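Chemist: A single structure is presented below for examination.
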Amino acid sequence: MIQAFIDYLKFEKRYSAHTIRSYSDDLEAFVAYLKAEFGEQGVQEVSPAMVRSWLAALKDGGMSSRSINRKISSLRSFYKYLLRMGEVVQSPMVAIVAPRAARRLPVFVEQQQMSELFSEVEFPDDWEGLTDRLLLALLYNTGMRLSELINLKESQVNDATRVIKVLGKGNKERVIPVSGMLLEAVRDYQEKKRVLLERADAGVLLVGKSGRRLYPKYVYRVVQRYLAQVTTIEKKSPHVLRHTFATHLMNEGAELNSVKELLGHASLAATQVYTHNTIEKLKDIYKKAHPKA
């Protein structure tokens, strides 16, 4: 039944390969635990006590509440699917309470530091330098996810309306307004690509010097290398630039609902975490500026 569920996520829900792999790993780990502790168990025979036993073992092994909650979510989705397919009459997950996870504020880069990145940091005068600068600009100016960036097609950039159409999770499309400066950088990149790289992947915007689309590790390395030149934050990743995009918008007075749409969040709850960063910014300003602070 696990494979049928994975196929459902892949072909009907159209989840990303990364998400599908996470579900698969979680469910396989659960089945392996059941077999080791309770012997072979059918999906109908799994009880809440068995699930709690697994979760307790994960906690004893040092797993964080956040990671445990993800595994609970995987099992809930699996049993919801089984109920819909008529394979079980009741889900053992109805009796499972998720542990409370401490909410972490998103890490972001300060506005002045991002300004320094594009105005003072030197990029090599070659294809890699051109690509690196544009990928950083796209991540910061649009807040798109890593997977959205490396799969971005030239046809998704619309000069006339000055927007980029992004295909997000679940193949949901969203429209992101962009500046004329970014569009000019994209046009310049496209023109040079046609001259310098005759065999570039057709349609894909960002490519390496081989002409092939970028791979995730390359983007990670670029982000880490260049952010290290302007900030001392510990975590430096493409997703940090997504957090930075959202936080800077909020700090400049953008409405929460608008930021939600730009990020492609399914619910407002996922976006509200950025208001905490804004409150921290206000506290800092008050502390530095108010005579009685």
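The values are calculated or read from the model by the stated rules, or taken from the named source; none is laboratory data. What you see is a predicted model, and the numbers here were worked out from it, not measured in a lab. When we count neighbours, we look across all protein chains shown, and the Cβ atoms used for this are built from the backbone with ideal geometry, even at glycine.
Chemist: Determine if region 66-77 includes at least one residue that is modelled with pLDDT under 95, part of a helix (DSSP H, G or I) and farther than 30 Å from E261 by Cα.
Modeler: The answer is no, given that none of the residues of region 66-77 is modelled with pLDDT under 95, part of a helix (DSSP H, G or I) and farther than 30 Å from E261 by Cα.
Chemist: Oh, and also: Could you tell me which residue of region 207-236 is nearest to L149 (Cα to Cα), considering only residues that are part of a loop (DSSP other than H, G, I, E, B) and in contact with a helix residue (DSSP H, G or I) (Cβ under 6 Å, 6 or more places away or on another chain)?
Modeler: L214
Chemist: Within region 12-53, which residues are part of a helix (DSSP H, G or I) and closer than 13 Å to P92 by Cα?
Modeler: P48, A49, M50, V51, R52, S53
Chemist: Can you name the condition, by its number, that S155 falls short on among (1) surrounded by 14 or more Cβ atoms within 10 Å (Cβ to Cβ); (2) assigned to a helix (DSSP H, G or I); (3) in contact (Cβ under 8 Å) with a residue 24 or more places away in the chain?
Modeler: (1)
Chemist: Considering only residues of region 264-281 that are in contact with a helix residue (DSSP H, G or I) (Cβ under 6 Å, 6 or more places away or on another chain) and assigned to a helix (DSSP H, G or I), which is nearest to E252 (Cα to Cα)?
Modeler: For region 264-281, the residue satisfying everything is T278.
Chemist: Would region 135-142 turn up any residue that is over 23 Å from N277 (Cα atoms), within 23 Å of the chain's Cα centre (by Cα), free of Cβ contacts under 8 Å to residues at least 40 places away in the same chain and crowded, with 20+ Cβ neighbours inside 10 Å?
Modeler: no
Chemist: Which number in (1) within 27 Å of L9 (Cα to Cα); (2) at pLDDT below 95; (3) surrounded by fewer than 17 Cβ atoms within 10 Å (Cβ to Cβ) marks the one condition that G168 misses?
Modeler: Here G168 meets the rest and fails (3).
Chemist: Can you tell which of V107, V121 is β-branched (V, I, T) and at pLDDT below 95?
Modeler: V107
Chemist: Name every residue in region 73-97 that is of a type in the set (A, V, I, L, M) and in contact with a helix residue (DSSP H, G or I) (Cβ under 7 Å, 6 or more places away or on another chain), in order of residue number.
Modeler: Passing the criteria: L75, V88, M93, A95, I96.
Chemist: Follow-up. Could you tell me how many of the residues in region 5-42 are free of Cβ contacts under 8 Å to residues at least 12 places away in the same chain and among the aliphatic types (A, V, I, L, M)?
Modeler: 3
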